[in-house]
1. Could you tell me the relative contact order of region 124-282? Use alpha-carbon pairs under 8 Å, at least six residues apart, and round to a whole percent.
2. Under the 0.36 nm per residue contour assumption, what length would be gained going from the current alpha-carbon distance of Ser226 and Lys194 to full extension?
3. Enumerate the calculated ³J(HN,Hα) couplings along region 322-329 in order (Karplus 6.51 cos²θ - 1.76 cosθ + 1.60, θ = phi - 60°), each rounded to whole Hz, writing x wherever the residue is Gly or Pro.
4. Once the Cα atoms of helix 303-312 and of the chain are each reduced to a long axis, what angle between those two axes, in degrees from 0 to 90 to the nearest 10, is obtained?
5. Determine which aspartates and glutamates satisfy two conditions relative to Lys331: a Cα distance under 12 Å, and not lying fewer than 8 residues away in the same chain.
6. I want to verify the translational diffusion coefficient of region 35-148 in µm²/s; compute it with Stokes-Einstein, Rh as the Kirkwood radius over Cα pairs, at 20 °C and 1.002 mPa s.
7. Dipole size in debye (nearest 20) for the chain around its Cα centre, Lys and Arg Cβ +1, Asp and Glu Cβ -1?
8. Can you tell me the 0 to 90 degree angle between the C-alpha axis of helix 199-209 and the longest principal axis of the chain, rounded to 10?
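The numbers here are math on the coordinates, done by the rules we state, and not lab data. Not measured: the values here are computed from a predicted model. FYI the Cβ positions are ideal-geometry reconstructions off the backbone, even for glycines, and counts take in every protein chain you see.
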Amino acid sequence: WVLASCSVALVHADTAAVDAQPATPAMLGKAIFFDESLSASGKMSCATCHDPAHAHAQSNTLMVQFGGPLLDVPGFRAVPSLRYLNLGIAFHFESDGTPTGGFNRDGRANSLLEQAERPLLAPHEMANGTHADAVARLANTSYADDFRRVFGNNVFDDIDGAFFRMQFALEKYEATDPGFHPFDSKYDYFLAGKVKLSAQELRGFSLFNRPDKGKCLGCHPSTRGSDGSSPVFTDYTYDNLGLPRNTAIAANADAAYYDLGLCGPFRTDLADHTDLCGAFKVPTLRNVATRQVFFHNGSFKTLTDAIRFYVRRDTNPEQFYPLDANGTAQKFNDLPAEFHKNVNTSEVPYDRHPGEAPRLSEDEIADLVVFLQTLTDGYDARSNTADPARSLTK
């Protein structure tokens with residue numbers, strides 16, 4: 001998570017004791033997820049920037065969010081959505097050496113449970129300095145007695161054990177609550193044979209899959225799994241896109257600072273794998289049309305601009321990168337020069353050169369955007385509209 005001081009309307013936000021029925025770990029996880037009192041500021045919860053009404057992602061247009069005791073400490077990366085993370089897999093290298101799986105944008109956590117630790121402690125997020133700080137706040141909540149009933153009367157006597165159970169409860173909530181994985185987009189209904197896609201949506205679908213056009217399916221599979229499971233629109237691998245540096249990120253004011261994804265600075269075990277520097281996890285495209293900012297550094301604010309970058313990065317680099325004194329675009333300027341060779345420049349649609357036509361025209365980009373809108377949760381066939389918040393009420 002990346003948590004922050006954005007303003008959201010929290011659905012199901014009560015953190016009162018769950019006495020109406022016997023408490024379960026998932027019910028406690030829900031209470032924790034919405035509880036602002038568990039932060040150093042007293043004003044931030046997981047839901048603050050993982051708003052259920054916005055597909056469990058941010059509801060504002062900030063490129064990074066702000067946390068800490070005074071909600072004035074800037075983050076480093078854009079907020080990822082929590083939808084469909086229950087289907088994630090642990091980080092590993094495939095037999096051909098491809099890094100795959102993991103949670104967070106750099107895959108450093110291997111489970112939802114493990115992922116839950118950092119936002120509770122990070123100085124730019126909920127800012128509990130230690131496990132003890134977080135547990136002390138939990139012990140003062142209105143549902144602390146329910147926590148004892150579920151995990152034992154003496155649970156708060158073991159600080160690390162109680163913190164682990166906080167993580168476990170959050171994991172159970174995210175894994176079991178259908179609002180995190182509703183599979184109720186228009187595309188899901190299309191796969192089930194219940195609705196038809198429009199002519200423009202079908203054109204976009206074709207462009208998404210065509211190996212000479214978008215070739216999006218190379219990293220974002222769009223077909224059912226061999227077991228009949230619905231596609232999650234990610235293959236859990238990593239890619240290096242050579243994004244433009246985002247000067248709005250405070251950390252980037254230091255010219256020597258670079259966010260290198262798999263090989264640092266937050267993940268340290270792969271620091272020697274310099275061929276991976278600059279690679280970030282391929283996200284799901286479900287609900288991508290609802291996102292406020294795109295890519296790990298929030299460098300684009302519309303889906304159209306994000307796709308335009310994919311297809312025009314190499315044909316028209318001057319549209320995305322700063323120019324030097326000679327008017328030459330400084331491509332891949334968010335990576336040290338020695339890692340420019342890691343950027344994906346061979347696969348469609350990144351295989352273009354200046355003077356060549358982009359793989360997609362402006363009209364085709366528009367068609368692709370319309371198709372991607374069919375991946376938004378909460379589709380209502382009667383109105384032919386989708387709203388992620390609708391998934392929460394089913």
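1. So the answer I get is 12 percent.
2. 9.4 nm
3. Couplings: x, 9, 7, 4, 8, x, 8, 5 Hz.
4. 40
5. Straight-distance partners of Lys331: Asp314, Glu318.
6. 140
7. 920
8. Between helix and principal axis, roughly 90 degrees.
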